Amino acid sequence: MTLKVLTACGQGLGSCQIISMRLNAVFKRLGIDAKVTSSNVSMAKSTATSYDVLFCGQTLVPNFKTAESKGVVVIGLKNLVSEKEMEEKIKEAIAEGKIKPN
Amino acid sequence: MFLTAWTWFVSNIFTKPAWFLGLMVFIGCLLIKKPLHEAFASFVKALVGYMIFNVASGGMVTTFRPILFALNGRFNLQAAVIDPYFGAAPLQKSITEVAGRTMSIATMAMIIGFAINILLVYFKKQTKVRSLMVGGHVMNLMSWGVIAYLVLMIPSISDLGAIIAGGILCGLLWGVFSNLTVEPTQELTDGANICVGHAQMTGIYIFDKLATWIGNQDKKKGKEIRKIGEMKLPGFLQIMNDTTVAASIVMLLFFGGMMLIIGKEYMLTVDESLATQVWGFYLIEKCLTFVVYLNIIILGIKMFVGELSEAFSGISQKMLRGAIPAVDIAATFGFTEGSVVTFGFLFGALGSLIAILLSVLLKSPILAIVGFIPMFFDNGGIAVFANHKGGLKAVIISTLIVGMVHVFGGGLYAYFYGFSNYGGAAANFDMAVWHTLLGVIMKSLGYVGIGVICLVLILIPQLQYLKNKDTYFMVVDNYEKYKEVMAKKAEK
């Protein structure tokens, strides 16, 4: 099963697209089949539940409490361009059994 | 034969920006080795995205017209919304309707600008430029701006001239100004190897310096710098994270207020449809219509810029070679405590409000209304930097200034270039604070002016280098060592 991933930022224009591009590279390296989509916070709030994982800047995490309670894995990033941080957090989520690599 | 093909290309593709943009996206996708079917999909998205933008841009201007007339007739006042996406419509109208050019020249200028930024970074030993822009949305709007300045200020310039001059100016503006943010951003993020390539780069440089000074003053007095910590802000502020809601609130407050002052009687004379409607609902709906078009504009831009960004980013990752990527201001928000951005936003809004009241009292011919995007991202972003070096006091002072600059500087910018005739200006802090000067130089010196601007821009990183020769490249090459050196310097 392809992992469904959503990235979100304020306008859905700048940062989330950078996150998406870097994430694509990370997932490829980890051998995880993932489809990454970017969106703004407004939209992401209502669509998050149809995704498995959501990535956003860590300041935006509180917006996605509802999604989190419905089982979406919400991952907040400190450095939006750091592939290292993304890789660590993905591995952590796998170790905790939150993400199941396909 | 070749000439007919060229004429055909110019009249059918080049003068139709949607098609030209699509074509550029298609080529970009092939360059980063995307499969053909994906490149085709990106082409379609760019084309549709631009067409969506066109619809919204027209709608925005039509909605604004009656209010603009009313303000002008009633108070002899022009109003302009200072917001990059709101302002995208006036930019487009200025280039196409006022100057009679095609938007494709801006797209060409953007591509040349990106190439020049790559060259600047490639020869960084000589040019001293250490950063490369990656945000397609920023580059797209800024190239529209630069082309608008050129064709409005120097009407005799040819399309080709505008493409070349615009490309060089864009490349220099991006490389040189993002380069100014390298030290502040590295120090804020503790060496995350990013800097800011957006539209408040001058602000980051200035207010980082100001905050350092404020912080040092406190230290001299033996006081601790009081930083904004994890202060609990009232829960209702959380809704400001939702940009649709936030933009609606800002528009209702400022625009609604303005229409109340114009009054129902006068609005009736410019908009007959009001006769059959309840005034209160009419007013609210008018304000929210802007948010509707704003959302459509952003959707359209997102569609064509998203594809462009990917191509730019793919190319830039290969070209960086020890330079750092200049990213969106929002990328710095993660390197601070939760409430700093909101704090900056609130004080910036207060600054803008004070400035608007002052403009009314002083009978300014132009009234600038700050849109949500600059209000949130400029103030919030500058607050992040100010808090890091100078704490709460620096945040309050900096963002109050930024808020006022948005109104006074942004108003002047919209008025000078005539963007206010279409209701707004695509301005953030940088445009508000000094892009009017670019136009003044171009208007008074013509082609020589372009040369003067380029020369000054080239000199800026050289001066920066001369000031800190020892740490200038170290800050991006080896941040840990840079920290040690700076700590030693501080001890002395």
With 20 Å bins from 0: P(r) over the protein assembly as shown, alpha-carbon pairs, percent: 20, 56, 23, 1
What average number of partner chain Cβ atoms lie no more than 10 Å from the Cβ of the residues making up B:321-334? 5
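Ranked by Cβ crowding within 10 angstrom, fewest neighbours first, how are B:437, B:274 ordered? Numbers along the way, then the final one.
Working: B:437 12, B:274 18.
By the 10 Å Cβ count, ascending, the order reads B:437, B:274.
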Hey, what number do you get for chain B at 222 nm if only DSSP H runs of n ≥ 4 count, each worth -39500 (n - 2.57), divided across all residues, to the nearest 500? -22500 deg cm²/dmol
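Per residue of A:77-84, how many C-beta atoms from partner chains lie within 10 Å of its own C-beta, taken as a mean? Intermediate results must be reported in sequence, preceding the final value.
Details: counts 2, 5, 9, 10, 9, 4, 0, 0.
So the per-residue partner count for this stretch is 5.
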Would you kindly derive the ³J(HN,Hα) couplings of segment B:185-192 from the backbone phi angles with the Karplus curve 6.51 cos²θ - 1.76 cosθ + 1.60 (θ = phi - 60°), listing them in order in whole Hz, with x for Gly and Pro? 6, 4, 5, 5, 8, 6, x, 6
With θ set to phi - 60° and the Karplus curve 6.51 cos²θ - 1.76 cosθ + 1.60, what are the ³J(HN,Hα) couplings of segment B:286-299 in order, to the nearest whole Hz, using x for Gly and Pro? 4, 4, 6, 4, 4, 5, 4, 5, 4, 5, 5, 4, 5, 4
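Hey, what number do you get for chain A at 222 nm if only DSSP H runs of n ≥ 4 count, each worth -39500 (n - 2.57), divided across all residues, to the nearest 500?
Values: 4 runs with 41 residues, N = 102.
My calculation for chain A gives -12000 deg cm²/dmol from helical runs alone.
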Between residue A:65 and residue B:119, what is the label-point separation in nm under the 7 Å Cα-to-beta-carbon projection? 5.4
Over the alpha-carbon set of segment B:307-358, work out the extent along each principal axis and list the three values in angstrom, largest first. 49, 26, 21
If you take the square roots of the eigenvalues of the alpha-carbon gyration tensor of segment B:353-437 and sort them as a ≥ b ≥ c, do you get rounded (a/c under 1.5), prolate (a/b over b/c) or oblate? prolate
List the lysines whose alpha-carbon lies under 17 Å from that of residue B:16, not counting same-chain residues fewer than 8 positions away? B:45, B:93
Rounded, prolate or oblate: which one fits segment B:155-224, using the alpha carbon gyration tensor with axes a ≥ b ≥ c (rounded when a/c is under 1.5, else prolate when a/b beats b/c, else oblate)? prolate
Return the inverse of the average 1/r over all pairs of distinct C-alpha atoms in segment B:57-104, which is the Kirkwood hydrodynamic radius, in Å to one decimal. 11.7
Spelling it out for residue A:75: with amide H atoms placed in the peptide plane at 1.01 Å from N, the residues 5 or more places away or on another chain with amide H under 5 Å from its amide H are A:54, A:55, A:56
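Kindly give Rg over Rh for segment B:123-189, based on alpha-carbon atoms, with the Kirkwood expression for the hydrodynamic radius.
Numbers: Rg = 14.2 Å, Rh = 13.3 Å.
Here the Rg-to-Rh quotient is 1.07.
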List the lysines whose Cα lies under 19 Å from the Cα of residue A:89, skipping any in the same chain that are fewer than 8 positions away. A:4, A:28, A:35, A:65, A:78, A:98, A:100
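Quick check on packing: order B:463-470, B:289-296, B:129-136 by the mean number of other C-beta atoms within 10 Å, highest mean leading. If you can, show how the numbers build up before the last one.
Numbers: B:463-470: 11.9, B:289-296: 20.6, B:129-136: 28.8.
Descending mean neighbour count gives B:129-136, B:289-296, B:463-470.
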For the protein assembly as shown, build the charge dipole from Cβ charges (+1 Lys, Arg; -1 Asp, Glu) around the Cα centre, then report which of B:135, A:46, B:282 sits farthest towards its positive end. B:135
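Per residue of B:299-311, what is the mean number of Cβ atoms on other protein chains within 10 angstrom of that residue's Cβ?
3
List B:472, B:85 from most exposed to least, where exposure is judged by having the fewest other Cβ atoms within 10 Å.
Details: B:472 19, B:85 29.
So the ranking, lowest neighbour count to highest, is B:472, B:85.
Stokes-Einstein diffusion coefficient for segment B:365-492 at 37 °C in a medium of 0.692 mPa s, Rh from the Kirkwood formula over Cα pairs: what value in µm²/s? Could the numbers behind the result be given before it?
Values: Rh = 17.5 Å.
For the chosen part, D equals 188 µm²/s.
For chain B, what does the alpha-carbon gyration tensor say about shape, rounded, prolate or oblate, given a ≥ b ≥ c as the root eigenvalues, a/c under 1.5 as rounded, and a/b over b/c as prolate? It would help to have the intermediate numbers written out before the result.
Numbers: a/c = 1.68, a/b = 1.10, b/c = 1.54.
It comes out oblate by the Cα gyration axes.
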Amide H within-cut-off set for residue B:78, under 5 Å, with H built and near neighbours excluded: B:366, B:367
Arrange the following residues from fewest to most other Cβ atoms within 10 Å of their Cβ: A:99, B:32. B:32, A:99
Modelled label-to-label distance, residue B:4 and residue B:190, 7 Å Cα→beta-carbon offset: nm? 6.8
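Which of the peptides B:119-127, B:374-382, B:207-215 is most tightly packed, and how do the rest follow, judged by the mean count of other Cβ atoms within 10 Å per residue? The partial results should precede the final answer.
On the way: B:119-127: 16.2, B:374-382: 29.2, B:207-215: 20.6.
Highest mean packing first, the order is B:374-382, B:207-215, B:119-127.
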Beyond 23 Å (Cα-Cα) in this structure, taken from B:221/B:483; A:91/B:483; A:45/B:302, we find B:221/B:483; A:91/B:483
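Where a number appears in this text, it was derived from the coordinates with a stated rule and is not lab data. Keep in mind it's a predicted model, so treat the numbers as computed, not measured. Because the Cβ atoms are built from the backbone with ideal geometry, glycine has one as well, and the counts that use them run over all protein chains shown.
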